[in-house]
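> One structure coming up, written as structure tokens, with questions to follow.
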Amino acid sequence: VQLQAFGGGAVQAGGSLRLSCTASGSSRINTMGWYRQLPKKQRELVAAIIRSGRTNYADSAQGRFTISRDNAKNTVDLQLRSLKPEDTAKYYCNAIVDGVRTWGQGTQLTVSS
């Protein structure tokens with residue numbers, strides 16, 4: 001599976017942004033999700049969604065971010081709202097196929113106050 005992420009950039013606090021990720025190479029993707037990583041920090045889950053549409057959010061994302069996927073197109077999107085400076089990080093798309101986790105290349109989001 002190959003993943004390509006789009007949509008990072010720079011926004012002001014309170015703003016919104018949409019991240020998109022397209023997967024290719026497999027039609028058996030169970031879980032797709034978004035993680036983020038700050039410099040010298042561990043990568044952390046932001047949100048995940050399984051094929052049935054059930055979602056899981058980090059506490060920091062709950063109520064502000066929405067994850068969605070299109071199984072036919074093998075895409076997963078993350079709508080981010082009410083952004084805060086502490087959301088600044090590199091965001092990584094992620095997919096699990098047959099128990100194997102694959103990462104996209106990451107896309108930088110910078111939120112200014």
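> If I take all pairs of Cα atoms in the range 1-52, what percentage of them are more than 18 Å from each other?
When all Cα pairs of the range 1-52 are counted, 46 percent exceed 18 Å.
> Which ³J(HN,Hα) values in Hz, rounded to whole numbers, follow from the phi angles of the range 79-92 under the Karplus curve 6.51 cos²θ - 1.76 cosθ + 1.60, where θ = phi - 60° and Gly and Pro get x?
Couplings: 8, 10, 10, 6, 5, 10, x, 6, 7, 4, 5, 9, 9, 10 Hz.
> A follow-up question, please. Could you do me a favour and compute the accessible area per residue for the chain, 1.4 Å probe, result in Å²?
53
> Heavy atoms only, probe 1.4 angstrom, no DNA, RNA or ligands counted: give me 31, 110 ranked by accessible area, highest first.
110, 31
> Please report the carbon-and-sulfur percent of the accessible area for the chain; probe 1.4 Å, protein heavy atoms only, DNA, RNA and ligands left out.
Carbon-and-sulfur percentage of accessible area, whole number: 46.
> Next question. Quick check: pseudo-label points 7 Å beyond the Cα along Cα→Cβ at residue 18 and residue 113, how many nm apart are they?
Between residue 18 and residue 113, the simple spin-label model gives 3.0 nm.
> Work out from phi, with θ = phi - 60° and the Karplus expression 6.51 cos²θ - 1.76 cosθ + 1.60, the ³J(HN,Hα) of each residue of the range 16-25, listed in order in whole Hz, and give x for Gly and Pro.
In residue order, the calculated couplings are 10, 7, 10, 9, 10, 9, 10, 9, 9, x Hz.
> Oh, and also: Taking the Cα-to-Cβ direction at residue 70 and at residue 58 and moving 7 Å from each Cα, how far apart do the two end points lie in nm?
Modelled inter-label distance: 2.7 nm.
> Shifting gears a bit: Once phi is turned into θ = phi - 60°, what whole-Hz ³J(HN,Hα) does the Karplus curve with 6.51, -1.76 and 1.60 give for every residue of the range 26-43, x standing for Gly and Pro?
Computed from phi, the couplings for the range 26-43 are 7, 10, 10, 7, 8, 9, 10, x, 10, 10, 9, 9, 8, x, 6, 10, 6, 5 Hz.
> How large is the convex hull of the C-alpha atoms of the chain per residue, in Å³?
Per residue, the Cα convex hull of the chain comes to 90 Å³.
> What does the charge count near residue 36 come to, summing +1 for each Lys or Arg and -1 for each Asp or Glu among other residues with Cβ under 11 Å from its Cβ?
0
The values are calculated or read from the model by the stated rules, or taken from the named source; none is laboratory data. Everything numeric here is computed off the predicted structure, so don't read it as measured data. No Cβ is skipped: glycine too gets one built from the backbone with ideal geometry, and neighbour counts run over all protein chains shown. The protein model used for the area step is the full one, side chains on, heavy atoms only, and it has no ligands, DNA or RNA in it. Shrake-Rupley method; radii C 1.70, N 1.55, O 1.52, S 1.80 Å.
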